[in-house]
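The structure appears right after this line, and notes come after that.
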Amino acid sequence: MSDKQQDNSCSHNYYFDNAATSWPKPESVYRAAELQMRQACGNPGRSGHTRTLEADRLIYRTREAVAGLLKVSDPARIIFTLNATDALNMALKGLLEPGDHVLYTAMEHNSVLRPLGRLRRDGIITTTMVPCSESGDPDLDALENAYQAGTRLLVINHASNVTGTIAPLEKMIKSAHTRGVKVLIDAAQTAGSLEINAEGLGIDLLAFTGHKSLLGPTGTGGLYVRRDLNLKPLREGGTGSQSETDIHPESMPERLEAGTLNNSGLAGLLEGLRFIEQTGLAAIGEHEKEIRSCLYNELETIPGIKLYGPKGEDPAACIVSFTLNSADSGEIGYILESSYGILCRTGLHCAPLAHQAISTFPGGTVRLSPGYFTTRADIDYLVNALKKIAKLT
Ligand SMILES: Cc1ncc(COP(=O)(O)O)c(C=O)c1O
């Protein structure tokens, strides 16, 4: 049975919440994570026995695979973290110094807004939000006017987890770099589904998560740190190297990776990355584009539904957000699950400013996020369910 046809036996078969975490995973991901724990368990870098060395190789191969996907020449610049949130905290708190000014877009997730809010409330940094349009596009003129003498960093959500809107990275990075401002990309919604050339774009820092489009287990993610950039570590401790001293190693990746890594998670992540490589990022992107545009175009015909973000044929992450007349989004989500077995996410999606930008604050939207394993038949089922629900509102 191919991964595309695998038996996804679960009480709910209509999964439209891939932007939260992807499901199903390729069969090889489940197997590798389990096998790592059962048969190949060793602590990488901590001693010289066979299993330790095998765990070392596994971690290195995973680092290499991420570096390959993100077009990074030195795998040591890829740091493994718990998730994108952990990586974003590591980037923000490891880079920013007292007096720094930070720019961020209105489409940022709370995993950026909250660490920035903490640093701001503690009097360490000042911040300016770059507004976004109703479709979620950053206002590039406002960006040009937002730089200040102390601006150190621009944070960009590569693709909105509310609307799927893709930020114009090239233009925004150029705008920042012209002024000597560093750029942090939140690629939580794009790593594994859109092409990212981290070195080609000159990205300084990029946070990714392993459990969404990279198809790996939860508890995996990471941070790419550009070659000439040194972050203050948030954590120090055991690395298995230079054990004689209480000074944490300076060399990467140990500088930012303290403590035992999530080996079984990373074993699963490696298989997710291999699946993506074998399938081809272009083929994954093509399928997701087709599925999204089909969903968007079908929903557009349902009376009472209002759609947000890029139109059906426009480039976007595989996300469609909508409201239905004045119905409560949580109630629509409840009916979808309880009557049709359809799982999705409703509300503010940890992105309150994005909802303010698209005028859906505080009620939020119903977010449908298909994935690579979503079929045309799944979309038809969902659309028919929504047609019936729309008649009730
Ligand atoms: C845009 C964006 N950034 C960051 C995150 C946080 O990801 P994680 O749950 O892996 O920390 C998410 C998760 O939904 C997201 O959509």
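Coordinate-derived values only; no laboratory data. Here the structure is a predicted model, which is why all the values come from computation and not from measurement. Note that each Cβ is placed from the backbone with ideal geometry, even for glycine, and that neighbours are counted across all protein chains shown.
Quick notes
- When the chain is treated as a GNM with alpha-carbon contacts under 10 Å, the residue of His49, His355, His158 showing the greatest mean-square fluctuation is His49.
- Computed from the C-alpha gyration tensor, the three semi-axes of the ellipsoid equivalent to the range 33-154 are 39, 17, 14 Å, from longest to shortest.
- Eligible aspartates and glutamates near Lys391 by straight Cα distance, threshold 12 Å, same-chain separation 8 or greater: none
- Cβ charges +1 (Lys, Arg) and -1 (Asp, Glu), total dipole of the chain, debye: 340
- The mean sequence distance of close C-alpha pairs (under 8 Å, at least 6 residues apart), as a share of the length of the chain, puts its relative contact order at 23 percent.
- The listed peptides 372-380, 18-26, 317-325, ordered by packing as a protection proxy, come out as 317-325, 18-26, 372-380 (highest mean of other Cβ atoms within 10 Å first).
- Sequence-distant aspartates and glutamates (8 or more away, or on other chains) whose Cα lies within less than 19 Å of Lys71: Glu170, Asp186, Glu195, Glu199, Asp204, Asp228, Glu271, Glu277
- Farthest positive-ward along the chain dipole, Cα basis, beta-carbon charges - from Leu270, Ala87, Ala65: Ala87
- The spread of Cα positions in the range 171-292, taken along each principal axis and listed from longest to shortest, comes to 56, 42, 18 Å.
- Ranking Cys350, Gly285, Gly371 by how far each Cα lies toward the positive end of the dipole of the range 265-393 (charges on Cβ) leaves Cys350 at the top.
- In this rough spin-label picture, where each label sits 7 Å from Cα along the Cβ direction, the Ser339-Arg46 distance is 5.3 nm.
- Close amide H pairs (under 5 Å, H built 1.01 Å from N) link Thr346 with Arg367, residues at least 5 positions away or on another chain.
- Checking the Cα-Cα distances for Lys93/Lys311; Lys25/Lys306; Lys174/Lys232 against a 27 Å cut-off, the pairs over it are Lys93/Lys311; Lys25/Lys306.
- For the chain, convex hull of alpha carbons as volume per residue, Å³: 136
- Residues whose placed amide H lies under 5 Å from that of Tyr14, excluding near-sequence neighbours: Leu343
- Rounded to 5, the percent of DSSP beta bridges in the chain classed as antiparallel: 50
- Nonlocal amide H pairs with Gly202, under 5 Å, H built at 1.01 Å: none
- The three principal axes of the Cα atoms in the range 237-308 give end-to-end lengths of 69, 31, 20 Å, sorted in falling order.
- Taken along the Cα-to-beta-carbon direction at a fixed 7 Å, the label points for Thr128 and Leu35 span 5.3 nm.
- At R0 = 25 Å, FRET efficiency that the Cβ-Cβ distance of Asn13 and Asp328 yields, to 0.05: 0.50
- Peptides 201-207, 241-247 ranked from most to least packed by the mean count of surrounding Cβ atoms within 10 Å: 201-207, 241-247.
- Packing rank of 266-275, 109-118, 298-307, where each peptide gets the mean count of other beta carbons within 10 Å, highest leading: 266-275, 109-118, 298-307
- Extension gain for Thr260 to Val383 (0.36 nm times residue separation, less C-alpha to C-alpha distance): 39.7 nm.
- Segment Ser359-Asp228, length gained on full extension (0.36 nm per residue, minus Cα span): 43.1 nm
- Note on Lys387: aspartates and glutamates with a C-alpha under 17 Å away, same-chain residues under 8 apart excluded, are Glu298, Glu300, Asp328, Glu331, Glu337, Asp378.
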